[in-house]
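Chemist: Please find one structure pasted underneath; my questions will follow.
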């Protein structure tokens with residue numbers, strides 16, 4: 001990979017890490033649009049985002065969990081549900097055209113933003 005291609009990827013990862021570390025989530029919402037402007041193909045953006053966001057989430061968890069005082073046992077039902085949803089979408093997501101995934105993500109970002117404003 002050329003240096004010219006590497007810098008946008010590093011900046012996209014940095015942006016996702018800052019957003020995720022600051023807010024405890026949301027790094028993927030920033031990462032997907034930013035990765036769309038890099039050397040990755042449209043089909044590579046979503047899997048790359050998931051692969052990048054996993055270590056960011058683990059690191060954020062290590063810093064935020066003790067500070068917030070949330071017990072992991074209280075999160076178990078959510079972890080089970082999100083694991084099942086991740087497996088289901090991992091299987092079905094391959095069959096959804098990328099343009100629809102981008103639109104759906106955009107709608108979720110808008111919905112979340114509006115929800116937090118009001």
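Chemist: I'm told residue 42 meets every condition in (1) over 22 Å from residue 16 (Cα atoms); (2) surrounded by 13 or more Cβ atoms within 10 Å (Cβ to Cβ) except one. Can you identify the failing condition by its number?
Modeler: That leaves (1) as the condition not met.
Chemist: What's the number of the condition residue 4 fails, among (1) under 30 Å from residue 99 (Cβ atoms); (2) out of contact with any helix residue (DSSP H, G or I) (no Cβ under 9 Å at 6 or more places or on another chain); (3) surrounded by 13 or more Cβ atoms within 10 Å (Cβ to Cβ)?
Modeler: Of the numbered conditions (1) under 30 Å from residue 99 (Cβ atoms); (2) out of contact with any helix residue (DSSP H, G or I) (no Cβ under 9 Å at 6 or more places or on another chain); (3) surrounded by 13 or more Cβ atoms within 10 Å (Cβ to Cβ), the odd one out for residue 4 is (3).
Chemist: Out of all the residues in region 68-100, which are surrounded by 11 or more Cβ atoms within 10 Å (Cβ to Cβ) and either over 19 Å from residue 28 (Cβ atoms) or touching a helix residue (DSSP H, G or I) at 6+ places or on another chain (Cβ under 6 Å) (or both)?
Modeler: 70, 98
Chemist: Could you check, for region 30-47, whether at least one of its residues is modelled with pLDDT under 80 and under 22 Å from residue 116 (Cα atoms)?
Modeler: Among the residues of region 30-47, not one is modelled with pLDDT under 80 and under 22 Å from residue 116 (Cα atoms), which makes the answer no.
Chemist: Can you name the condition, by its number, that residue 53 falls short on among (1) modelled with pLDDT of 85 or more; (2) buried (at least 16 other Cβ atoms within 10 Å of the Cβ)?
Modeler: Result: residue 53 passes all but (1).
Chemist: Among the residues of region 12-25, count how many are assigned to a helix (DSSP H, G or I), under 15 Å from residue 63 (Cβ atoms) and out of contact with any helix residue (DSSP H, G or I) (no Cβ under 7 Å at 6 or more places or on another chain).
Modeler: Residues in region 12-25 being assigned to a helix (DSSP H, G or I), under 15 Å from residue 63 (Cβ atoms) and out of contact with any helix residue (DSSP H, G or I) (no Cβ under 7 Å at 6 or more places or on another chain): 3 in total.
The values are calculated or read from the model by the stated rules, or taken from the named source; none is laboratory data. Worth saying up front: this structure is predicted, and the values here are computed from it rather than measured. In this analysis, Cβ positions are derived from the backbone assuming ideal geometry, glycine residues included, and neighbour counts consider all displayed protein chains.
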